[in-house]
Amino acid sequence: IARDGFNLSIKADMKVTQGERKTIIFSRNLPPQFVTILQKAGNEIIFISDQNGPAQNMEKILRGLNFAFASGYFTFSGLDKNQPPYTFGFSGTKIKTDKDIYIVNFDFNQELRGLMQETWSADVIRY
């Protein structure tokens, strides 16, 4: 109260801590003075919106969290891994970490999910 002039509790949709870095994700707007107070306290703020599509919001969050990612259509071929000739693909977002993580906005076939893990050491996650 002494510092900001009021005592207020704000409910965030999500708070992410990466080492010393704190990021708060909101799905609704806040008055500018609250944003300023949160930022002065060392928080980074990401606002997402229902007006944007899920993929757009996901990319905004990944960008705000400094994740390396690429969105697009990804194809996989058995021939590339010395397997029978097959090809499959899907649209999504690829996050590059110590292993590839693909995030998609649809139900992903469980057999293909297993194949992705075994053959390409990649995970597929639905958001």
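For the residues 75, 93, the requirement of being of a type outside the set (A, V, I, L, M), outside any helix (DSSP H, G or I) and open to solvent by 70 Å² or more (accessible area, probe 1.4 Å) singles out 75. Please state which of the following conditions residue 43 fails to meet, knowing it meets all the rest: (1) under 24 Å from residue 127 (Cα atoms); (2) touching a Lys or Arg at 6+ places or on another chain (Cβ under 8 Å); (3) surrounded by 15 or more Cβ atoms within 10 Å (Cβ to Cβ). With respect to (1) under 24 Å from residue 127 (Cα atoms); (2) touching a Lys or Arg at 6+ places or on another chain (Cβ under 8 Å); (3) surrounded by 15 or more Cβ atoms within 10 Å (Cβ to Cβ), residue 43 is out only on (1). Is there a residue being within 30 Å of residue 7 (Cα to Cα), in contact with a helix residue (DSSP H, G or I) (Cβ under 8 Å, 6 or more places away or on another chain), modelled with pLDDT of 95 or more and part of a strand (DSSP E or B) anywhere in segment 34-45? Yes, segment 34-45 contains at least one residue that is within 30 Å of residue 7 (Cα to Cα), in contact with a helix residue (DSSP H, G or I) (Cβ under 8 Å, 6 or more places away or on another chain), modelled with pLDDT of 95 or more and part of a strand (DSSP E or B).
In segment 46-72, how many residues are within 20 Å of residue 15 (Cα to Cα) and part of a loop (DSSP other than H, G, I, E, B)?
Qualifying residue count, segment 46-72: 7.
Only residues that are among the charged types (D, E, K, R), open to solvent by 60 Å² or more (accessible area, probe 1.4 Å) and over 21 Å from residue 127 (Cα atoms) were counted in segment 1-21, giving 3. Within segment 26-37, no residue that is polar (S, T, N, Q) sits with its Cβ atom under 7 Å from a residue that is surrounded by 11 or more Cβ atoms within 10 Å (Cβ to Cβ) and part of a helix (DSSP H, G or I) at 6+ positions apart or across chains. When the residues of segment 96-127 are filtered to those that are open to solvent by 30 Å² or more (accessible area, probe 1.4 Å) and aromatic (Phe, Trp, Tyr), the one that is nearest to residue 60 (Cα to Cα) is 127.
The values are calculated or read from the model by the stated rules, or taken from the named source; none is laboratory data. All values reported here derive from a predicted model rather than from experimental measurement. A quick note on method: Cβ atoms are made from the backbone with ideal geometry, for glycine too, and the neighbour counts reach across all protein chains shown. Each accessible area value is taken on the protein alone, full model and side chains, heavy atoms only, with ligands, DNA and RNA left out. Shrake-Rupley method; radii C 1.70, N 1.55, O 1.52, S 1.80 Å.
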